[in-house]
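Below: one structure, written as structure tokens.
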Amino acid sequence: MPKEIFDKNHQFLPQSSLLNFEEILRLAQIFVAHGVHKIRLTGGEPLLRKHLERLIEMLAALRTPDGTALDLTLTTNGSLLARKAAALKAAGLNRVTVSLDGMDDAVFRRMNDVDFPVADVLAGIDAAVAAGLGPIKVNMVVKRGTNEQEIVPMARHFRDHYGGQVVLRFIEYMDVGATNGWRMDEVMPSAEVQRLIDGHFPLEAVDPGQPGETAERWRYRDGRGEVGFISSVTQAFCGDCNRARLSTEGQLYLCLFAQQGHDLRSLLRTAHPSGRPCSDAEIAAAVGLIWQGRDDRYSQLRASQPESTGTSGRRIEMSYIGG
């Protein structure tokens, strides 16, 4: 959450505007009944949400129509993970993804505008491994001119220390929102990152694990784990996208680069013409229409306009919608 926006004078939403855990659970039940099998808690920083373990317990109890438990995951900056990993696992969380853009403190702080050191994040990863929240994924956003010198040290650290229990993934620097000052010349293509790593630690390709998987998978030829590459700028995967995002106050977004959401909170509370909240069937029907009408393909449109730094229109910020 950019400090120049979310400073001490920022007026945050009142608690009543946010979905409570029961409302989140109700929407999750509706989504799961209609085919969703994976739920990721993200942010902002989700571990700042009070009593998050209770929400995880509630979601972990859900089952798909065939009785299968959900794949319940969480993305975090790692600052609070060391103290919370065991409780998250006990509550029913399956896995965590940790954001870490370099091993050097100065580079890390410059990339993320945070006031905690890399050591805190590494301690959180260690705690997550010990708690059994794996396989753990570590996401590194690569920004040319800022942290590309951290690529090889990151690869070396995670292949040497965790016995394949941690998968490092490199993400192309994306033009999410309007506050990160994105420029195309700061994007380091995944193919270039892959060649750099392969020059130090030879790699071989791995087949995708499931449909709609965003990361290309490669493993070290010496058997010491694998790495992934998410190429949302140079190799748009809009056509295979099967994700939706629910914001903390109940807006449904069909794309990470969306300009607006769809209000589900009002359906939960007072959207019916009679003044009563909508039924589960009515909410499911509304969501179905939203999903059927989706035509988001921002990354493909951006790719078709190579002379531009992006398509027009103000987009939702990643610090708001989550990665």
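Bear in mind these aren't lab numbers, they're just calculated from the coordinates by the rules spelled out. Fair warning: this is a prediction, and the values are worked out from it, not measured in the lab. Using ideal geometry, Cβ is built from the backbone for each residue, glycine included, and neighbour counts are taken over all protein chains shown.
Assorted remarks:
- Peptide ranges 104-117, 127-140 listed from the most packed, as the mean C-beta count within 10 angstrom indicates: 127-140, 104-117
- Gyration tensor analysis over the Cα atoms of the range 15-245 returns equivalent ellipsoid semi-axes of 29, 20, 19 Å (largest first, whole Å).
- The gain in end-to-end length when the Ala285 to Glu213 segment is fully stretched comes to 23.2 nm, 0.36 nm per residue minus the alpha carbon separation.
- As a proxy for reagent exposure, Tyr253, Tyr220 were ordered by neighbouring Cβ count within 10 angstrom, fewest first; the result is Tyr220, Tyr253.
- Extended-chain gain in nm, criterion 0.36 nm per residue less alpha-carbon gap, Ser17 and His161: 47.5 nm
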